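Q: Submitted below is the structure of interest, expressed as structure tokens.
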Amino acid sequence: MITLTWAFDIFAILLSVASFFLNMRQAKAFKREDDLFGKLCLISVAIAAFKIIEDTITPGLNVEELKYGSIISGYFYDVFDLGLLFIWILFVDFMIYRSEDHLRIIKPDILKILLPVTAVETFLAAAALYGTLLLDMKRTVPLMIWVIVSYYILTMIKAILLIISIKKLSDYRRWRKGPVMFRGMPFYIPIFWGFLITFILAYRIDLNPLATGIGIFLLYLSMNAERRYIDSETGFFSKEYLSLLSGTYKNKNYEGGLGILVSTDGDTKVIIDILKKSKPTELDIIRISKGEFFLVGVRKPRSVLEIFKKNMNETAKEEGINLSVKYDLYGKGENAEELFKRLV
Amino acid sequence: METIEISKDNLDKEGSLLPPDVAENIGRIWIRGIVTDDDNGDKSSGGIVWEYKNVDEYEKDTVAEIIWAFGENREVLYDLLAAYRIQIQDESAVVSEFEIPLNQEASMLEETFSADGFKISNSESRDIYVTVKDLKGLKLGNKKSPFYIKALRDLSFRQFRDGITDVLFQDRKGLMEDIAWVSLDWFEPDISSCVVMDDIVKGFFLIHRTATGILVAELLFSVDMGDNRTVLELIRFTLRETIKKYSPETRILLRRHNDMVHSLVKKLFPDKEGEVVMTGHRREKAEGMAE
């Protein structure tokens, strides 16, 4: 018979496997050699499998579990961790997109209400622990009932707030086309899967704080793995992406496309700000060097490129920096890197 | 009889025949006009104004669309058409077309244009006219517009310019072939709306008020046109502001120039139809001779 615990284990395995294959597909697209995240997902699969075997050998509730409250209480305690998970994801999302509007959307819900709710839950968890460790059973049970009811209420509030925040973010995300790394899939999705797996496993092995730590560590590793293609200062693509475009990973959208080289010897912060605000949605920006940026995209009429160049020059003049803007369309059979070399 | 090319510089002198809503377009980059003087050179006896379309588009033919034509008599019209045929070779127009109301000059225009090689027919106009009173009948709701929907007046010139560049890069232009060169003040600042996220413009609903006070929806654009909700928020904002600002009799022109606008107008105003107009079409030869 499949119990709730079994269902969680199976779910964890399926998520781990899915995450692993997703990550492998991404790694293949970029011809990466170091697929650390994929390996970690494989480890998650192994741990989940181990837990299923362990449960088979030692089934059912035991006295130790009762000592720390009921199974339902434990479940909602993990939902509390899930709340922390979402908070981290949302803030990571902000770090990726570096968007003030983004933070403005989620901040009222997260910071004003959700975090205090989480703080109260932490207090309740501490109270529960105190009750079970220091009080006798007669006084522990009423305390635990009070704790469980409070958990229910607070978790419901948090769930609703999370849903509202995510809904607002999904409205917002329609307007953001940040670096889309993996054939149209934002790259934080594998991170999310990793988190989810970790927390479901945490439920099984009752190591929630450790699970949080593992999750954050996984996040750090994943971000590092992708870092080579993203310029950390600007969020633009890095020079390595240019090689990628021109190499084995051919983005068909760029065939017969355009390239615009924007360079300055002035204040790079200014040019970065100009590019972030003036960049047409259709173009991707690759940072070649400190003050050199290469914009690539689908072919457009030269008159449109000329207008972009004129606008950039006018804006640079207004900002008091020197700017050079050169553009051209791909020649026959040419790739992005070859066009770039031609424009330099 | 002399044919004169009309421009912003001589509009006051030579453009007396032009209706105000046509005259205000003279000087725009893809608008051309010619008028003829009478034999004494005292006043214009006729004119044609047209707009070039698809000039920069590789895969589409350049079209010259006649937006106004008038002649005191057939001879004037024939002279104008002859001059027109030569002029349109400047931009290598491949096709000429027009849509003209069935007014009292229509039969003379039909006769002369038909004799000059145009295929003429009567059909429903692509233009729908509604009034501000009609807008009040729409269920716009009371919900406040999202924070990212703003009036055009709240944009800086740089934001507008960058937003228009984004429009061009997405191969959009609305009703305006020269959207890249049109100034911010061409549009109504209080009722035109835009989407602004992180100081970046990601959508427009631009309205122009003609010389005679007709409101024309010139461009509806969003970075993600599949996002119906945001497009509707743009429309909702503009419609609400229009109701606030203009009298119920104020006319609004909605040109159904593509399928999306067609569907939208049908949804908003299912009972409205375009009036019957005369349409004409002619394929031009390279040397300027009609086929």
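Q: Divide by every residue of chain B the summed helix terms, -39500 (n - 2.57) for each DSSP H run of at least 4, and state the resulting mean residue ellipticity at 222 nm, rounded to the nearest 500 deg cm²/dmol.
A: Helices in chain B give a 222 nm mean residue ellipticity of -8000 deg cm²/dmol.
Q: What's the exposure ranking of B:Phe237, B:Phe147, B:Phe205, going from fewest to most Cβ atoms within 10 Å? Provide the component values of the computation, followed by the final result.
A: Working: B:Phe237 23, B:Phe147 11, B:Phe205 27.
Taking fewest neighbouring Cβ atoms as first place, the list is B:Phe147, B:Phe237, B:Phe205.
Q: Using label points projected 7 Å from each Cα along Cα→Cβ, tell me how many nm separate B:Arg251 and B:Ser156, to one decimal.
A: Simple spin-label model gives 4.0 nm for this pair.
Q: Next up: Would you kindly work out the equivalent ellipsoid of region B:230-270 from its C-alpha gyration tensor and give its semi-axes, the square roots of five times the eigenvalues, largest first in whole Å?
A: 20, 14, 8
Q: Shifting gears a bit: For q values of 0.17, 0.22, 0.26 Å⁻¹, compute log₁₀ I(q)/I(0) with the Debye formula on a Cα-only model of region A:255-342, without solvent.
A: Taking Cα atoms of region A:255-342 as identical point scatterers yields -0.65, -1.07, -1.42.
Q: Taking a ≥ b ≥ c as the square roots of the eigenvalues of the Cα gyration tensor of region B:129-267, is the shape rounded (a/c under 1.5), prolate (a/b larger than b/c) or oblate?
A: Working: a/c = 1.37, a/b = 1.27, b/c = 1.08.
In terms of gyration-tensor shape, rounded.
Q: Another one. Can you work out ³J(HN,Hα) from phi for every residue in region B:229-239, in order, using Karplus 6.51 cos²θ - 1.76 cosθ + 1.60 and θ = phi - 60°, giving whole Hz and x for Gly and Pro?
A: 4, 5, 4, 5, 5, 4, 5, 4, 4, 5, 5
Q: Determine the shielding of peptide B:148-157 by partner chains: average, over its residues, the number of Cβ atoms on other chains within 10 angstrom of each Cβ.
A: Numbers: counts 5, 0, 0, 0, 0, 0, 0, 0, 0, 2.
Rounded to a whole number, the mean comes out at 1.
Q: For region B:238-285 and region B:206-222, compute the distance between their C-alpha centroids and round to whole Å.
A: Each part's Cα centre sits 11 Å from the other's.
Q: Another one. Under 5 Å between amide H atoms, partner at least 5 residues away or on a different chain: which partners does B:Asp127 have, H built in plane at 1.01 Å?
A: Sorted by chain and number, the residues that satisfy this are B:Arg256.
Q: For the pairs B:Lys143/B:Lys173; B:Lys8/B:Lys53; A:Lys326/B:Lys53; A:Lys277/B:Lys139, flag any whose C-alpha to C-alpha distance is greater than 25 Å. If you can, show how the numbers build up before the last one.
A: Working: B:Lys143/B:Lys173 30 Å; B:Lys8/B:Lys53 20 Å; A:Lys326/B:Lys53 28 Å; A:Lys277/B:Lys139 35 Å.
Beyond 25 Å between Cα atoms: B:Lys143/B:Lys173; A:Lys326/B:Lys53; A:Lys277/B:Lys139.
Q: Calculate one ³J(HN,Hα) per residue across region B:72-82 by plugging θ = phi - 60° into the Karplus curve 6.51 cos²θ - 1.76 cosθ + 1.60, and present them in order as whole Hz with x for glycine and proline.
A: So the Karplus estimates, Gly and Pro as x, are 5, 8, 5, 4, 4, 5, 4, 5, 5, 5, 5 Hz.
Q: Using the number of other C-beta atoms within 10 angstrom as an exposure proxy, rank B:Val49, B:Val35, A:Val298 with the fewest first.
A: On the way: B:Val49 24, B:Val35 27, A:Val298 17.
Fewest-to-most ranking of B:Val49, B:Val35, A:Val298: A:Val298, B:Val49, B:Val35.
Q: Please give the FRET efficiency for A:Glu233 paired with A:Leu343, using the beta carbon to beta carbon distance and R0 = 25 Å, rounded to the nearest 0.05.
A: On the way: r = 23 Å, r/R0 = 0.91.
Result of the calculation: an efficiency of 0.65.
Q: Return the FRET efficiency for the residue pair B:Met108, B:Met260: r is the Cβ-Cβ distance, R0 is 41 Å, and the value is rounded to the nearest 0.05. Walk me through the intermediate numbers first.
A: Details: r = 37 Å, r/R0 = 0.89.
For R0 = 41 Å, the calculated efficiency reads 0.65.
Q: How big is chain B by the Kirkwood estimate over distinct Cα pairs, in Å?
A: Working: mean 1/r = 0.0489 Å⁻¹.
Computed over Cα pairs of chain B, the Kirkwood hydrodynamic radius comes out at 20.4 Å.
Q: Take peptide A:304-316, look around each residue's Cβ out to 10 angstrom, count Cβ atoms belonging to other protein chains, and average those counts.
A: 3
Q: Still on this structure: Average partner chain C-beta neighbours within 10 Å, per residue of B:200-206? Let's see the in-between values first.
A: Values: counts 8, 1, 5, 1, 0, 0, 0.
Per residue, the average neighbour count from other chains is 2.
Q: So for region B:40-90, what percent of the C-alpha to C-alpha distances run longer than 17 Å? Don't skip to the end; give the middle numbers.
A: Values: 564 of 1275 pairs.
That tail contains 44 percent of the Cα-Cα pairs.
Q: Taking region B:185-264 on its own, what percent of its Cα-Cα pair distances exceed 21 Å? Walk me through the numbers on the way to the answer.
A: Details: 824 of 3160 pairs.
Percentage above 21 Å: 26.
Each value in this text was obtained by applying a stated rule to the coordinates, not by laboratory testing. Fair warning: this is a prediction, and the values are worked out from it, not measured in the lab. All Cβ positions, even for glycine, are placed from backbone atoms using ideal geometry, and neighbour counts span all protein chains on display.
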